[in-house]
Amino acid sequence: MKPYLIGIDTGGTFTDGVLVEYEDRRVVSSAKSLTTRKDLKLGVIKVLQKLIIPEDARVSMVGLSSTLATNSIAEGKARKTALLLIGYNPALIENYKLKEAFATADMTFISGGHDARGNPLNPLDTNAVKNWAREKKDQVDALAVSAYFSPMDPSHENQAYDIIRQETSLPVVLGHQLSSHLNSIKRAATASVNASLVPVMHHFLKSIHRALTQLDIQAPIMIVRGDGTLMPWEEAMHKPVETVMSGPAASAIGGSFLSGMNSSLVIDMGSTTTDIALVENGKIFTSETGAKIENIHTAIEAARIRTVSLGCDSRIQINQKNEAVTGPQRVRALSQLARHYPKVKETIQHLTQDNYHRLKSPHDLEFWHWYQPISTHTQEQLTKKQKEILELLREPVQLSALMKERGVYHPQQLDMHPLIQQGYIECSGVNPTDLLHMSQDIELWDIPTAEMATRCLAKLCQIKPKELINNVFESITHRLTEEALLYLAGRETPDQDMPQRIDGKWGKWLLNELLYANSSLLSLKISGKVPITGTGAPAAHFLKTVSRLLNTKLILPQYHEVANALGAVSGSLAETREALVFIREDQEHFSHVVKWEDHHTAFDSYEQACRFARQKAFQMAKEAAIHAGASDPYTQMTRKNEGSMTRFVARSSGSPKISENN
């Protein structure tokens with residue numbers, strides 16, 4: 001039987017799947033299904049059922065990329081976590097206003113921790129650990145522990161873990177097991193974020209595993225990390241924070257694979273966001289400062305992605321100048337909503353009758369719908385007014401009609417935006433997907449509804465429908481061009497030194513001249529030095545203009561619509577391990593200490609210590625890669641001097657072994 005690989009990507013709107021023949025990496029079948037945000041597993045099952053799998057096929061690996069981790073944090077759906085900080089200075093945290101950096105408001109400070117050379121600051125307060133575990137076990141869903149300078153000596157974190165385990169079975173995450181970086185704030189934030197995601201990822205991956213078993217697919221499951229490499233699903237359940245940026249990273253890997261280009265700027269345009277990444281010499285350009293999720297800085301290595309809240313499901317609004325502007329919020333296309341709810345089509349059709357005299361405001365073109373069940377905890381906090389409105393939203397309701405029924409003049413007065421943000425209520429309105437139906441570029445949903453909704457929005461803007469479509473599409477391509485410019489310009493510049501948008505009078509003039517060529521005296525052109533690889537279904541509609549403005553080649557490879565799913569099976573399996581060398585003083589004697597995992601070995605000679613550290617890091621990385629399922633891994637060593645400390649980093653990577661089962 002021939003070995004095949006299945007790649008799956010769960011995006012914000014669609015779940016994509018591909019079946020790949022292993023020997024020549026040829027895509028045999030691809031499929032799309034709407035992402036079932038109520039239960040991601042259902043969308044995955046639908047995609048698997050749509051894939052055409054040959055009778056002689058043996059599925060040897062399943063790869064998953066997902067926005068689950070990133071979206072859980074961004075949408076406030078991560079689980080409640082308590083953070084124990086051992087040896088941290090609460091006054092210092094307060095004075096520098098660092099509390100928000102820890103990703104949870106529930107934090108407790110106790111004595112203990114070590115200094116920069118691994119010497120104890122204070123004994124660990126074991127009674128405080130025990131009392132904390134007893135107090136928190138019924139209040140939160142997961143626990144995180146971070147001790148000061150635990151990368152130098154993790155003993156206090158390990159002792160705390162043993163005590164906590166005697167009190168509760170909640171998931172417990174230790175900072176030193178996720179990162180050996182010395183930035184104590186980032187390490188604690190990483191532990192906190194990881195703990196909040198463990199229950200979410202555990203439920204998701206267990207569900208996927210059961211679904212594959214039901215479909216008689218017995219193969220290793222790999223998850224895409226945020227740097228584009230693969231990790232076993234069992235490891236992902238314990239370290240879900242490493243899957244942050246999984247979707248964009250998979251897209252970059254998949255786009256590079258499909259295009260055959262060793263270096264390119266990959267622009268992945270989806271329904272909710274557009275992600276920009278750079279692939280150089282076959283590798284994703286990663287951020288040395290760690291992945292950033294919302295305003296939380298972590299110590300996890302991930303692809304350096306520029307994410308723009310702009311996609312085919314971006315809301316089209318009318319500003320004070322009566323102009324149509326796109327984003328950043330996501331709304332479901334009215335043409336899609338009408339496919340499932342015919343009354344929506346009737347309502348919009350009613351607006352177009354009698355010369356549009358019933359059309360008064362953009363609220364006439366927006367519908368709210370109670371999308372998924374509300375958690376018990378959230379339900380208990382609902383007001384009487386919110387409960388009454390929810391009952392009205394069991395079917396999609398026109399926003400203007402809802403406001404009239406409740407006697408309010410602005411949507412904010414309904415007090416439902418917290419439920420919208422958490423995904424319980426879904427908003428639908430005119431978006432670029434509707435306009436693409438009107439322009440006859442796509443035929444996915446109800447075309448008459450898309451046409452009527454576009455005409456209504458154009459009427460509100462007091463322009464013709466064709467002009468509306470041109471204005472919206474032009475604004476999208478110009479925004480993407482600006483974002484690509486900023487990303488490429490920041491290739492060798494720290495993120496914090498680059499503006500979020502091109503600013504200043506000269507900057508804006510140069511950008512406008514590049515986009516619109518208004519000057520009769522000057523001509524401005526930019527020549528891109530790398531091609532653009534477009535991925536995602538909307539890429540074909542918008543990136544041609546972007547590549548023309550940047551004066552570079554555009555590659556739209558076959559199957560670019562499902563590049564994310566392909567990236568889930570075309571990456572390498574990789575494991576990284578580190579060993580640290582530092583000086584430890586003991587009265588008049590000092591030694592060179594090698595720290596690896598939870599072990600220490602002292603040497604009199606710095607050279608001896610470095611040789612030992614290098615060997616240990618190399619050995620640990622290679623053994624970890626083989627254990628994870630890598631075939632004949634290649635190990636690369638890096639040496640970094642950080643003040644008086646030397647860090648040896650070994651990265652071992654190889655192709656995943658192919659299962660002989662199934």
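The values are calculated or read from the model by the stated rules, or taken from the named source; none is laboratory data. Given the structure is predicted, the values throughout are model-derived calculations rather than measurements. Note that we place each Cβ from the backbone using ideal geometry, even for glycine, and neighbour counts take in every protein chain shown. The protein model used for the area step is the full one, side chains on, heavy atoms only, and it has no ligands, DNA or RNA in it. Shrake-Rupley method; radii C 1.70, N 1.55, O 1.52, S 1.80 Å.
For the peptides 92-105, 515-528, the ranking by mean Cβ contacts within 10 Å, running from highest to lowest, is 92-105, 515-528. What percentage of the solvent-accessible surface of the chain, computed with a 1.4 Å probe over protein heavy atoms, is contributed by carbon and sulfur atoms? Percent of accessible area from carbon and sulfur atoms in the chain: 47.
Coupling constants for segment 204-215 follow from the phi torsions by the Karplus curve (6.51 cos²θ - 1.76 cosθ + 1.60, θ = phi - 60°), and in residue order they are 5, 6, 5, 5, 5, 4, 5, 5, 5, 5, 4, 8 Hz; glycine and proline get x. Hey, quick one: spin label on Asn89, modelled 7 Å out along Cα-Cβ, who in segment 168-189 has an amide N within reach, i.e. under 19 Å? Once the point is set 7 Å along Cα→Cβ of Asn89, 182-189 turn out to lie under 19 Å by backbone N, inside segment 168-189. Rounded to the nearest 10 square angstrom, Ile318 shows an accessible area of 40 square angstrom against a 1.4 Å probe.
Of Asp56, Asp446, the residue with the largest accessible area leads and the full order is Asp56, Asp446 (1.4 Å probe).
Heavy-atom accessible area with a 1.4 Å probe sorts Asp227, Asp125, largest first, into Asp125, Asp227.
Spacing of the modelled spin labels on Leu121 and His589, each 7 Å from Cα toward Cβ, amounts to 2.8 nm. For segment 174-196 versus segment 328-402, the inter-centroid distance based on Cα atoms is 42 Å. The length gained on full extension between Ala211 and Val408, counted as 0.36 nm times the residue separation minus their Cα-Cα distance, comes to 66.3 nm. Here segment 218-268 and segment 412-446 have alpha carbon centers that stand 29 Å from each other. Once you've got the Cα coordinates, tell me which of Lys529/Lys553; Lys186/Lys239; Lys616/Lys657 are over 20 Å apart. Pairs exceeding 20 Å: Lys616/Lys657. Neighbours of Met438, meaning other residues whose beta-carbon lies under 14 angstrom from its beta-carbon, give a summed charge of -2 when Lys and Arg score +1 and Asp and Glu score -1. For the chain, what proportion of DSSP beta bridges, expressed in % and rounded to the nearest 5, is antiparallel? Close to 70 percent.
What the Cβ-Cβ distance of Ile318 and Arg611 gives, at R0 = 60 Å and to the nearest 0.05, is a FRET efficiency of 0.30. Scoring 567-574, 459-466 by mean Cβ neighbours within 10 Å over their residues and listing the highest first yields 567-574, 459-466. With contributions of -39500 (n - 2.57) from each DSSP H run of at least four residues, the per-residue ellipticity at 222 nm computed over the chain stands at -11500 deg cm²/dmol. Output the antiparallel fraction of DSSP beta bridges having both residues in segment 55-167, as a percent to the nearest 5. Within segment 55-167, antiparallel bridges account for around 10 percent of the total.
Which value in nm describes the separation of the simple spin-label points at Glu474 and Arg491, placed 7 Å from the Cα toward the beta carbon? Between Glu474 and Arg491, the simple spin-label model gives 3.1 nm. The Cα center of segment 108-135 and the Cα center of segment 545-597 differ in position by 33 Å.
Accessible surface of Met245, taken over heavy atoms with a 1.4 Å probe and every protein chain present, rounds to 30 Å². With every protein chain in place and a 1.4 angstrom probe, the accessible-area ranking of Trp368, Trp445, Trp506, largest first, reads Trp506, Trp445, Trp368.
For Val44, the solvent-accessible surface with a 1.4 Å probe is about 0 Å², rounded to the nearest 10.
Rolling a 1.4 Å probe across the protein heavy atoms gives the chain an accessible surface of 46 Å² per residue.
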